[in-house]
1. Looking at the stretch 146-183, which of its residues are polar (S, T, N, Q), farther than 14 Å from G124 by Cβ and touching a residue at least 12 places away in the same chain (Cβ under 8 Å)?
2. Can you name the condition, by its number, that I73 falls short on among (1) in contact with an Asp or Glu (Cβ under 6 Å, 6 or more places away or on another chain); (2) open to solvent by less than 10 Å² (accessible area, probe 1.4 Å)?
3. Residue by residue through the stretch 149-185, note down the ones that are aromatic (F, W, Y) and open to solvent by 10 Å² or more (accessible area, probe 1.4 Å).
4. Of the residues I63, I20, I73, which is among the aliphatic types (A, V, I, L, M) and farther than 24 Å from F162 by Cα?
5. Here are some residues: S8, S44. Which one is hydroxyl-bearing (S, T, Y), surrounded by 16 or more Cβ atoms within 10 Å (Cβ to Cβ) and touching a residue at least 60 places away in the same chain (Cβ under 8 Å)?
6. Got a number for residues in the stretch 86-99 being of a type outside the set (D, E, K, R), surrounded by 15 or more Cβ atoms within 10 Å (Cβ to Cβ) and touching an Asp or Glu at 6+ places or on another chain (Cβ under 8 Å)?
7. If you scan the stretch 186-204, which residues turn out to be surrounded by 20 or more Cβ atoms within 10 Å (Cβ to Cβ), β-branched (V, I, T) and either at pLDDT below 95 or touching a Ser or Thr at 6+ places or on another chain (Cβ under 9 Å) (or both)?
8. Quick check: anything in the stretch 106-123 of a type outside the set (V, I, T), outside any strand (DSSP E or B) and under 26 Å from E15 (Cβ atoms)?
Amino acid sequence: MEKLQYISQGNTLQEQELCIRKALDNGIEWVQVRYKNAPENELSRLCEVSKQLCSEYQAVCIINDHVQIAKEIDADGVHLGLNDSAIEEARLILGENKIIGGTANTLSDVIRRIKESCDYIGLGPLRFTTTKEKLSPVLGFEGYQAIIDGLREKSIDIPKIFAIGSVTLEDILPLQEIGIYGVAVSGLITKQPTLINELKKVMI
């Protein structure tokens, strides 16, 4: 599984598509299509275009929240928030071979996600981010450390956890030293897609 995810950004269909194209042009291999509060026809269109682009670039295409759209366009999987569709339900709709990721904010969320057999967990936020309207409590490095320690204390195998929330290039090594598998980045890549190769190089 790739260690660097790009979560798409943009207020319009055109902006979103442009940002995804730029990220792919600069070497991103995993795109999560996230277009909140979009008109349904625009969201469907963006997902279709994104799947086509990702196929051309041989990148993974994950759809945020919308299981049915993911099924319709044969995306590689979905990412589900804590209040979205159930992982079990998504698995029934999409089948065993698709990737299903889930959001978490606390140790109990992470344990819940492990029990639900998520393929990976997006854990955050690392710090304050403007890309999320209803932001969960900020974890900081201490929060990630406490969650990883909590899993070790309970003798639970550490799953593939991606840090999210204003992650920078300098954060990657400290996060991986804690035991975090990878990072999901939105704003940084949107603003500077040329950083993708540097981000990849730092990944252990």
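1. The answer is Q176, and nothing else.
2. (2)
3. Taking the stretch 149-185 first, the residues aromatic (F, W, Y) are 162, 181.
Residue satisfying the conditions is Y181 alone.
4. Working: I63 fails: farther than 24 Å from F162 by Cα; I20 fails: farther than 24 Å from F162 by Cα.
Unique residue meeting the criteria: I73.
5. From the options S8, S44, the qualifying one is S8.
6. Total meeting the criteria: 2.
7. T190
8. Looking through the stretch 106-123, none of the residues is of a type outside the set (V, I, T), outside any strand (DSSP E or B) and under 26 Å from E15 (Cβ atoms).
The values are calculated or read from the model by the stated rules, or taken from the named source; none is laboratory data. Since the model is a prediction, treat every value here as computed from it, not as a measurement. Counting neighbours? That spans all protein chains shown, and the Cβs are built from the backbone with ideal geometry, glycine included. Remember, those area values only see protein heavy atoms, side chains included, never the ligands or the DNA or RNA. Shrake-Rupley method; radii C 1.70, N 1.55, O 1.52, S 1.80 Å.
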